[in-house]
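Below is one structure, written out as structure tokens; the observations come after it.
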Amino acid sequence: MSLLPFSLRAWGVVGHRAIARIAENHLTDKAKREVAALLGSETLPLVSTYPDEIRSDPAYKYTAPWHYLDTTHNLPYAQYVATIDTIKEPNAYLALQQMMAQLKDPSKPKADRVFALKFIVHLVGDVHQPMHAGHSEDQGGNKVAVKFLGRDQNLHSLWDGGLIDYEGLTYSELAQADDHASKAQVQQWQRDPMATWLFESYQLSEPLYAEAAQNPTFDYRYFPAHAVQLNQRLLQAGIRLAGVLNQIFG
């Protein structure tokens with residue numbers, strides 16, 4: 001079987017840009033001004049893929065582990081949070097906290113704050129992709145071979161972009177289709193701590209693993225079976241990204 005290379009590019013270009021577009025729709029006026037002051041002619045959707053684009057540059061090799069946080073399986077919430085709180089190796093949870101502090105610090109050079117903003121936009125999306133909080137032993141599903149509509153790939157890459165590509169929408173269309181959270185949902189999702197975002201992904205990954213173990217050949221029924229789940233994670237990421245930026249620039 002010929003597998004795609006190990007993938008860590010959650011949501012692909014379309015997914016990340018859709019998340020960023022949703023976030024733009026929920027920014028306060030002050031946050032919009034601060035973002036514009038930092039990004040200039042760039043926009044949140046356009047910079048959302050920057051961390052993936054620079055990963056081939058040896059100078060940024062150190063950021064590769066920032067995109068995910070894999071752990072062992074079947075941890076309850078309290079144990080999961082205790083586990084990720086003690087991991088010292090670079091990971092998405094630590095990187096997001098570091099980048100938030102860097103963006104919030106007005107004493108930092110503008111270039112450092114722009115760098116932090118671009119990574120926050122991207123990493124909030126990453127941690128909402130279930131396989132970016134998967135199992136350490138299979139590298140978040142990268143070692144789980146599956147077939148989707150006759151094409152050999154792995155479970156991680158299928159969720160990274162395969163399902164969004166199958167949906168066939170532009171990022172603007174995807175954002176418009178998904179951005180229908182209620183006021184109560186927005187408030188709740190923005191109140192949830194970052195560890196909860198990761199635990200949600202971790203929990204969602206478990207049945208995905210189980211399905212692949214039972215039958216790794218997925219047909220046309222796979223996408224509709226997971227479409228609601230997929231689109232809710234994109235929406236939650238966009239809403240929470242807006243919450244993070246509103247709080248930092250508040």
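Values computed for the structure shown
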quantity: Complete set of residues in the range 54-76 that are under 13 Å from residue 199 (Cβ atoms), crowded, with 16+ Cβ neighbours inside 10 Å and not hydrophobic (A, V, I, L, M, F, W, C); calculated: 71
quantity: Pairs, first modelled with pLDDT of 95 or more and of a type in the set (Ser, Thr, Tyr) in the range 86-108, second in a helix (DSSP H, G or I) and exposed (fewer than 12 other Cβ atoms within 10 Å of the Cβ), C-beta under 8 Å, six or more apart; calculated: none
quantity: Residue in the range 100-107 that is touching a helix residue (DSSP H, G or I) at 6+ places or on another chain (Cβ under 7 Å), surrounded by fewer than 16 Cβ atoms within 10 Å (Cβ to Cβ) and acidic (Asp, Glu) present; calculated: no
quantity: Subset of the range 204-224 that is touching a Phe, Trp or Tyr at 6+ places or on another chain (Cβ under 9 Å) and over 16 Å from residue 165 (Cα atoms) - its residue that is surrounded by the most Cβ atoms within 10 Å (Cβ to Cβ); calculated: 205
quantity: Any pair with Cβ under 8 angstrom, 6 or more apart, that starts in the range 36-57 at a residue that is over 18 Å from residue 22 (Cβ atoms) and ends at one that is at pLDDT below 95 and in a loop (DSSP other than H, G, I, E, B); calculated: 52/9
quantity: Residue match in the range 41-56 (condition: in a helix (DSSP H, G or I) and either farther than 13 Å from residue 122 by Cα or basic (Lys, Arg) (or both)); calculated: no
quantity: Search result, residues across the range 159-197 that are within 29 Å of residue 97 (Cβ to Cβ) and over 16 Å from the mean Cα position of the chain (by Cα); calculated: 179, 181, 182, 183, 184, 185, 186, 187, 188, 191
quantity: Which numbered condition residue 13 misses (of (1) buried (at least 16 other Cβ atoms within 10 Å of the Cβ); (2) of a type in the set (A, V, I, L, M, F, W, C); (3) over 19 Å from the mean Cα position of the chain (by Cα)); calculated: (3)
quantity: Check on residue 90, touching a helix residue (DSSP H, G or I) at 6+ places or on another chain (Cβ under 8 Å) and within 25 Å of residue 206 (Cβ to Cβ); calculated: yes
quantity: Members of the range 95-143 that are closer than 16 Å to residue 206 by Cβ, small (Gly, Ala, Ser) and assigned to a loop (DSSP other than H, G, I, E, B); calculated: 134, 140, 141
quantity: Selection status of residue 31, small (Gly, Ala, Ser), more than 20 Å from the chain's Cα centre (by Cα), crowded, with 16+ Cβ neighbours inside 10 Å and over 23 Å from residue 140 (Cβ atoms); calculated: yes
quantity: Residues satisfying the stated conditions in the range 144-155, i.e. part of a strand (DSSP E or B) and in contact (Cβ under 8 Å) with a residue 24 or more places away in the chain; calculated: 145, 146, 147, 148, 152, 153, 154
quantity: Residue satisfying all of: in the range 108-159; within 19 Å of residue 55 (Cβ to Cβ) and among the polar types (S, T, N, Q); surrounded by the most Cβ atoms within 10 Å (Cβ to Cβ) among these; calculated: 129
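The values are calculated or read from the model by the stated rules, or taken from the named source; none is laboratory data. Just so you know, these numbers come straight off a predicted model, no measurement behind them. Every residue, glycine among them, receives a Cβ derived from its backbone with ideal geometry; neighbour counts consider all protein chains shown.
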